[in-house]
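First comes the structure, then the notes that go with it.
The values are calculated or read from the model by the stated rules, or taken from the named source; none is laboratory data. Please read these numbers as outputs of a predicted model, since none were measured by experiment. Note that each Cβ is placed from the backbone with ideal geometry, even for glycine, and that neighbours are counted across all protein chains shown. The area values use the complete protein model at the heavy-atom level, side chains included, leaving out ligands, DNA and RNA. Shrake-Rupley method; radii C 1.70, N 1.55, O 1.52, S 1.80 Å.
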Amino acid sequence: MTTESTTQPVIKARQLDLTFQTNDGPVHALKDVNLDINKGDFVSFIGPSGCGKTTFLRCIAALETPTGGTLSVNGMSADEARRNRAYGYVFQAAGLYPWRTISKNIKLPLEIMGYSKSDQDKRVSEVLELVDLAGFGGKYPWQLSGGMQQRASIARALAFDADLLLMDEPFGALDEIVRDHLNEQLLQLWARTNKTIGFVTHSIPEAVYLSTKIVVMSPRPGRITDVIESPLPKERPLDIRDTPEFIEVAHRVREGLRAGHSDD
Amino acid sequence: MKSILAVLTVIAVIIALWYAACVPMNIKGVLVEAERAGAEVQPPSAKVRRDMGEIGLIIDNSFAIPATWEQARPRLPAPHQVATELWNTTVGKKITSKRSLIYHGWVTLSATLLGFAIGTGLGILLAVGIVHSRVMDMSVMPWAIVSQTIPIIALAPMIIVVLYSVGVQGIIPKAVISAYLSFFPVVVGMVKGLRSPDHMQLDLLRTYSASQSQGFWKLRLPASMPYLFASLKIGIAASLVGAIVGELPTGAVAGLGARLLAGSYYGQTVQIWSALFAAAILAACLVALLGLIERMVLKRMGIAS
């Protein structure tokens, strides 16, 4: 990394705890989570279901409130960061409004945030270009494939130019081939925009292929068991997945996941 | 083509059953009339006939069957009698005539539409309140449900009397009764519709730190449109029933309800049945019209493919 490592991390979590009170008693969703994410990082959170990876992402987005510890986003509290529109969030499902065209869907956050009409149009065509959907702005969501819909939802998250992009298993519902393609595009997009990305997945190859930093988590209680700095270069063609370096990182991730499982 | 055939078959069966039902329903009256006109009737004593079964009478007096479809005041009028009456009182009469069903239909329709507008407006407002306020959800919803458990026929005279005593009469009391029946499906449908966006959709707006009113206008309201139209179709039919019921206890001189009432006073069954059919046709047209508007709106919104 460059000189940016000396500056304040974008996300800083210290002894973060989150306990949900349920009818079956308290559930420890997150316990003692410590993590720094620097500007320009591509961080993947990987682990079995119930390990708190999505919960942690939702804490960063201030969609959940931690019950203990500290969490700062861009040097302020997560909720302040949310109100300052610090991040774009991509959910598991595209969640486009069926009554809006793709363009109008991408304009949704812009309308809410009060961008001018001309600025809205400019930004929509920019991000449509970015996710390779130029020419599809006038279509309705049901006219697009699942992969295209998810790309449109990424465009919607990019439209207001937040430096931080949070993605919660965005390609989980798509088939392998579409997924590979979107992963490749996502890396290009990340290289072009220099955004900081937090990415939740439960696919080891996806995590290793995309990330500069892989956070391995395990359940009961949800916690971080390993943080792996990827030695792979920033430029990554799809066939990098057959190189020894890639396989070695994937192996370490798998070991981390197994270790997390063995002690519960 | 096949479905048209099926529909026509069903209609034909209904009409055939109707004609068949007219025979036993009207046979006794027909025989009395025939006897008076000098025909030979079996058995000749009206007293004996009264205690006899209809089927036996028909077998004994099969000559009288065609007359059961042509009586002036039958117990059950035949389909063509109702159709003729409908034709004569709509196309065959001037609209200004007091015997025109168009005139009476318009009187009822105007109250229906006014009541429907009031009911829909009220229903939407209540639904918005219920969705946004827990207090309203807990306090208004039970009353809305209770309000629909009271038979409207019991409530209608009281509404009319109370409104009359404060000087309100004419179309308004009927519209109020109409609104009373039509607001409920709108409340139920709109509450469901405004709550239809899932967690993810609401979380998405939260990530934009959108305000409540932005969430309402941009997400909840458009998402509720299909639910609204489903409710409106029930609501407009209920409105029509309300307007007709509202005409019954007032001794109203105009409206489909008044025609029903007058028909029953004077034993004019043909008039009753034609008023009933007029009401049914009116309701069908209103629901169809709403269906058309629904299709247009949803298509414009891009929801209907």
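Note on the stretch B:101-301: with charges restricted to the Cβ of Lys and Arg (+1) and Asp and Glu (-1), its dipole about the Cα centre is near 420 debye. Buried area at the B:A interface is about 2100 square angstrom, summed over both chains, from accessible surfaces computed with a 1.4 angstrom probe.
Amide H to amide H, with H built 1.01 Å from N, A:Val200 comes under 5 Å of A:Phe45, A:Met167, A:Asp168, A:Glu169, counting only residues 5 or more places away or on other chains. Largest accessible area first, the listed residues B:Thr112, A:Thr67, A:Thr22, B:Thr269 line up as A:Thr67, A:Thr22, B:Thr269, B:Thr112 when surface is computed with a 1.4 Å probe on the assembled protein chains.
Residues of the stretch A:183-201 falling in the label zone of A:Leu238, defined by backbone nitrogen less than 12 Å from a point 7 Å along Cα to beta-carbon, are A:183-185. Axis angle, to the nearest 10 degrees, between helix A:117-130 and the longest C-alpha principal axis of chain A: 60 degrees. Pairs to check: A:Lys104/A:Lys213; B:Lys28/B:Lys98; A:Lys117/B:Lys218; A:Lys122/A:Lys234; A:Lys39/A:Lys104. Give those whose C-alpha atoms are more than 23 Å from each other in this structure. Going by Cα-Cα distance, A:Lys104/A:Lys213; B:Lys28/B:Lys98; A:Lys122/A:Lys234; A:Lys39/A:Lys104 fall outside the 23 Å limit. The 1.4 Å probe gives accessible areas that order B:Thr84, B:Thr120, largest first, as B:Thr84, B:Thr120.
For the protein assembly as shown, the carbon plus sulfur part of the accessible surface works out to 62%, probe radius 1.4 Å. Is the stretch B:240-284 rounded, prolate or oblate when judged by the Cα gyration tensor, a ≥ b ≥ c being the square roots of its eigenvalues, rounded requiring a/c under 1.5 and prolate requiring a/b larger than b/c? Here the stretch B:240-284 falls in the oblate category. Taking the charge dipole of the protein assembly as shown about its Cα centre, with +1 at Lys and Arg Cβ atoms and -1 at Asp and Glu Cβ atoms, the residue from B:Leu101, A:Ile46, B:Ala6 reaching farthest to the positive side is B:Leu101.
Enumerate the helices in chain B for which the Kyte-Doolittle hydropathy averages -0.5 or more and the C-alpha atoms extend at least 30 Å along the helix's axis, using complete DSSP H runs. Passing helices, by number: B:2-36, B:101-132, B:171-194, B:221-247, B:269-301. Relative to the longest principal axis of the Cα atoms of chain A, the long axis of helix A:244-262 lies at roughly 60 degrees. Here the 3J(HN,Hα) profile of the stretch A:230-236, calculated from phi with Karplus coefficients 6.51, -1.76 and 1.60 at θ = phi - 60°, is 6, x, 5, x, 5, 7, 9 Hz, Gly and Pro shown as x. Within straight-line reach of B:Lys174, meaning a Cα separation under 18 Å, sit the following aspartates and glutamates at least 8 residues removed in sequence or on another chain: B:Glu247.
Average accessible surface for the stretch A:164-211: 34 Å² per residue, computed with a 1.4 Å probe over protein heavy atoms with every protein chain in place.
Per-residue mean of foreign Cβ neighbours for B:132-141 is 0 (Cβ atoms of other chains, 10 Å radius). Burial of accessible area (probe 1.4 Å, heavy atoms of protein chains only) in the stretch A:84-122, relative to its chain alone, reaches at least 50 Å² for A:Phe91, A:Tyr97, A:Trp99, A:Ile112.
Applying 1/(1 + (r/R0)^6) with R0 = 41 Å to the Cβ-Cβ distance of B:Glu54 and B:Ala254 gives a FRET efficiency near 0.60. Legend: residues in the stretch B:213-238 shielded by at least 50 square angstrom of accessible surface upon adding the remaining protein chains to the isolated chain (1.4 Å probe, heavy atoms) are B:Lys218.
Per-residue Karplus couplings for the stretch A:93-105, computed as 6.51 cos²θ - 1.76 cosθ + 1.60 with θ equal to phi - 60°, are listed in order as 9, 4, x, 6, 6, x, 8, 10, 5, 4, 4, 5, 5 Hz, Gly and Pro entered as x.
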